[in-house]
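All of the numbers you see were taken from the coordinates with simple rules; none came from a lab. Please read these numbers as outputs of a predicted model, since none were measured by experiment. Counting neighbours? That spans all protein chains shown, and the Cβs are built from the backbone with ideal geometry, glycine included.
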């Protein structure tokens, strides 16, 4: 057990180690990174074993990695095009809409025209009687509930008794062609009784005569509160008396992912009675489970076939009702059924970022330490739960790093409203509140008279530490990210030093690299990811994996991991990741887990396969595998490379008695996290870190903001494929810029979504894109595959606050509403002019920077911390470190024993909720029905 | 998204097109199709017959003073003989891809747009339709309910402002003959009827005055993105300098009301006692007051009005020091 990881201050240690093999979170010390689960295959690197040709003599800046001895110099760290790029570039990739089966029928979905209504009756007779119509289905054909999270299943294939938003599914038809299907759909008559609908999220907090869902004894009062969270950690008293404080009330609009490919699905029951569903899914396994539950058939009778995915970003990670509809219609009609969405339907199924109202308090003490972060987040979930249970946690718990904080006080609530459902979107739950935290830090730095860069650098959690709520931080490249963007952007010359309208700002981010306790996962029985390899007489290796390639490059990453260990060129690796029939279970492409978990599994499988081939080479060459080196399609004697055997020859020898070589590798996380309610939310085997600097031009007369340039540093642990990482960084910038400057789901005065199309849902065009300088920082994560961490979501977070802070630098206005559209900013500029007493916005004064004495102290502290972090990185100092050490706490004793003011609570007292300004806190005014007594 | 079925006619000269139009009960002209076809897919007043003008050669003339209705907007941008103000304005329309299909006539006759109208059929059903496309329900206006019979959908085409600023003349043709009129007179203050075109009539070309080349100009456009987006407000200005003095000044706006606005009288009145920046400021304020957008496009109307002031100032900025 490494000393550096404390599950909880004063807890853990080898004496409590369990010997029965059970894994119990909260009781043991964190697992040593690199163990990667129950079979710790790797020994620490012996540099001797890395061939000199690939840099075996080089000392790694952050110490050795357990995978170093499996590096063959083949492909890891090299920019390679994605392995499926040519399929897409030549138009041969088959997306959802490209699947054509003989005899297919076209399905259409009848949707609700009302926000909220009871269905009194549905008459489908006319539709059924139409020529060319083969089957019609309504809610009666499918009464089983489903939902992406087992705890909040609240969806049906079609409405049961009521519709909950405009666009909610009511019935579906399938016919021989689309025109007939549309006619049939329009001929279904539905008798509705309209109910009063809820559109403002604050109304969702109130008791309602007709809550949008009924959760039985778990229902929270009679309200529309779907989930509420309360977390208090640390010394809240010093928070309330902190001398530097910034409190802001944020209004953040809802967002849609805006992926290119609309949803599409094909379902077919084959002659063996099995169901195959083709769908561009991020999470085929959850669809697999949901289909089984909804259709009442065992999972083994279903084959989920993931097609090429034309962009997901979280928007294709729920099991969807239209997928159920296709399967139901296919069962009824006995023929394949295809359903393609129009763009508008994509907005109705939504699952985008939650519209949110966030109260954010950032506090700092006289020593320039972050005394605490206080957050109250009310988020608008729309009509269904989707991922909302998790989102409600993420809005709070994901700002407990990268900074060491004195206290953390979070109230969060998610309510149902009669809107399309919100869900998971790139940067899930972390984006909005991260923006608020980083803008708060900028404001606090200004109050202190310190450079916001320095404030951040002097308050970072070190590597190999623990956050205030108990996340295990392994590697962190936060410091290097900040240093790089500071230098490359010319920060020191530009900050508070540019003319009116020109500004520069910094923002940081922190994101999970895989969910430590994923949704459908049995910690005792299933790994997170499994990879099977097969190598036949041709010498090529087929990789069977369930990881969903959604354009992020997961096929390429797993191919690279296998190719690296086996020292084979990428074209000898074949990926089979599409079908559940042939792929081992993978939990899907969400929470930035795939590269981290799947590549770890792939490395394990590849090592097993390699060992078989090495053993055969041993038999041929007579040298022990320890002194054999695997190079490009050849295995040779380390001390005389002329003595060797070809890959193919060794493979043939290994196959002599067993035929095709197969191997399997899996990955599961070490037991982690605290024991408090919600401790699992935000838990990850590693975290990514990023820091961006953005430079903006603000047109003070029109309110237009143009991002001129962005320097984007992201710590992805190790860039397995720098080309792909840079692509993710630039893409994240584009998406984040959309959220901060233009994208929003606009609801009209009657609650209608006004812009369900790509003309008025304003995704940034190439003209608005700044020059993005992607900067890769490699912190060499001890548990990541070859040191890698995620790069798909984290890079989105910092661009928002960087732009907001740059706007402040440019015109002196603190942003607290997103997106910062020109009309909104113009209004703020007008107000600001009035406040400053100027008529012409061109005469506005702009903020300037006078360093206070604290700046010097913080610079010194940042420097000392940099030295501390370096020692922790290279393992000369791995003493335990937990959040709180900066405030004088001893990491080896329980916090509560060291301070009377220390609190750790997840159930609020009346006093905690007294602040009338806090919206989400009001969710706690209701009593869950099961605790309401007999009444 | 399915195209409603229609019969496509492709006459190969103007006479045949006009004759065909006189025969059909209900039809639309189609030129580039970049406005009409998306509207058809959304079932916005589709017609059973569509007459394509793509083979009508008479409509493709292009010179310094004559611009045919079937000239592609991309060709306007690329052709050096076209007036610089027209080229500049055309270069801001939609995107290059769309400009390669879209035509001058199509842009002039662009259907008016509204948040409550430019939506799919299902969406409009959910608001019980609106009077611009009421599907025989007699629905009211959704922007300003209980008002009058006028439709307030917004005219969001760019070229009209430039044509008005350059004092262009528009030429129409129909079975009952050809007619011409000052460009601004082409429009009718109603988002439904939109312009003076009678059934069977079409725009053939636009002409600029012979001295147009002596006029300079500028076009300023408000839109969130520098591509695709329709103008949320647009200001075109044209002026003639003689002997270091302003000899003529014309101003036009678009993207704010159901028709483009001609503010040339206002502008002309200002040149007598021209005082540089101050005159510009006054004119800009005048334009703002003259135009009254409603809440039916992306930006709120109050903002669009205020921006008219800024756009006018910027369009006229070359005249600051005169």
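Some notes on this structure:
- For the range A:650-742, average projected area of the Cα convex hull in nm²: 12.2 nm²
- The separation of the range A:292-326 from the range A:866-927, counted between C-alpha centres, amounts to 40 Å.
- Among A:89, A:239, the ranking by other beta carbons within 10 Å of each residue's beta carbon, starting with the fewest, stands as A:89, A:239.
- The tail of the calculated P(r) for the range A:454-559, taken as Cα-Cα distances beyond 18 Å, holds 71 percent of the pairs.
- Chain B: angle of helix B:301-315 to the longest principal axis, Cα-based, in degrees nearest 10: 50 degrees
- Within the protein assembly as shown, antiparallel bridges make up roughly 80 percent of the DSSP beta bridges whose residues both belong there.
- Segment residue A:131..residue A:367, full-extension length gain: 77.1 nm, with 0.36 nm per residue of separation and the alpha-carbon distance subtracted.
- Globularity index of the range A:129-269, i.e. its alpha-carbon radius of gyration over 2.2 N^0.38 Å: 1.54
- Cα gyration tensor shape for the range A:612-768, rounded if a/c is under 1.5, else prolate or oblate: prolate
- Evaluated over chain B, the Cα radius of gyration and Dmax, each in Å: 19.6, 61
- q = 0.14 Å⁻¹: log10 I(q)/I(0) that the Debye formula gives for the range B:100-231, counting C-alpha atoms only: -0.78
- Relative contact order for the range A:699-809: 45 percent, from Cα pairs under 8 Å spaced at least 6 residues apart, divided by residue count.
- Look at where the Cα atoms of the range A:331-361 and of the range B:199-223 average out, and the two centres are 45 Å apart.
- Kirkwood hydrodynamic radius computed over the range B:230-322 comes to 13.3 Å, based on all pairs of distinct alpha carbons.
- Projected onto planes of every orientation and averaged, the convex hull of the alpha-carbon atoms in the range B:68-151 covers 7.4 nm².
- For chain A, the C-alpha radius of gyration divided by 2.2 N^0.38 Å, with N the number of residues, is 0.95.
- Centre separation in Å (Cα based) which lies between the range A:609-687 and the range B:278-322: 70 Å
- Each label was represented as a point 7 Å from its Cα along the Cα-to-Cβ direction; for residue B:2 and residue B:273 these points are 6.7 nm apart.
- Efficiency of FRET from Cβ geometry, residue A:656 and residue A:906, R₀ 56 Å, rounded to 0.05: 0.40
- Shape of the range B:224-272, Cα gyration tensor, a/c cut at 1.5: oblate
- Shielding by partners for peptide A:824-830, expressed as the average number of C-beta atoms from other protein chains within 10 Å of each residue's C-beta, is 2.
- FRET efficiency, 1/(1 + (r/R0)^6) with R0 60 Å, evaluated for residue A:98 and residue A:615 via beta carbons: 0.85
- Cα gyration tensor category, rounded, prolate or oblate, for the range B:1-89 with a/c compared to 1.5: oblate
- The range B:208-250, Rg to Rh (Cα coordinates; Rh as Kirkwood inverse mean 1/r): 1.14
- A crude spin-label estimate for the pair residue B:140 and residue B:282, with each label 7 Å from Cα along the Cβ direction, gives 4.4 nm.
- Look at the stretch A:812-822: the mean tally of other chain Cβ atoms within 10 Å of its residues' Cβ atoms is 1.
- On Cα atoms only, tilt of B:14-23 relative to the major axis of chain B in degrees: 50 degrees
- The order of A:351, A:749, A:903, going from fewest to most other C-beta atoms within 10 Å of their C-beta, is A:749, A:903, A:351.
- Helix B:277-290 and the longest principal axis of the Cα set of chain B meet at an angle near 30°.
- Convex hull (Cα only) mean projected area of the range A:96-180, reported in nm² to one decimal: 7.0 nm²
- Taking the range A:153-175 and a reference point 7 angstrom along Cα→Cβ of residue A:191, the backbone N atoms nearer than 18 Å belong to A:160-163, A:171.
- Between residue A:576 and residue A:878, the simple label model (points 7 Å from Cα in the Cβ direction) yields a spacing of 4.0 nm.
- Average partner coverage of B:115-127, which counts Cβ from other chains inside 10 Å: 6
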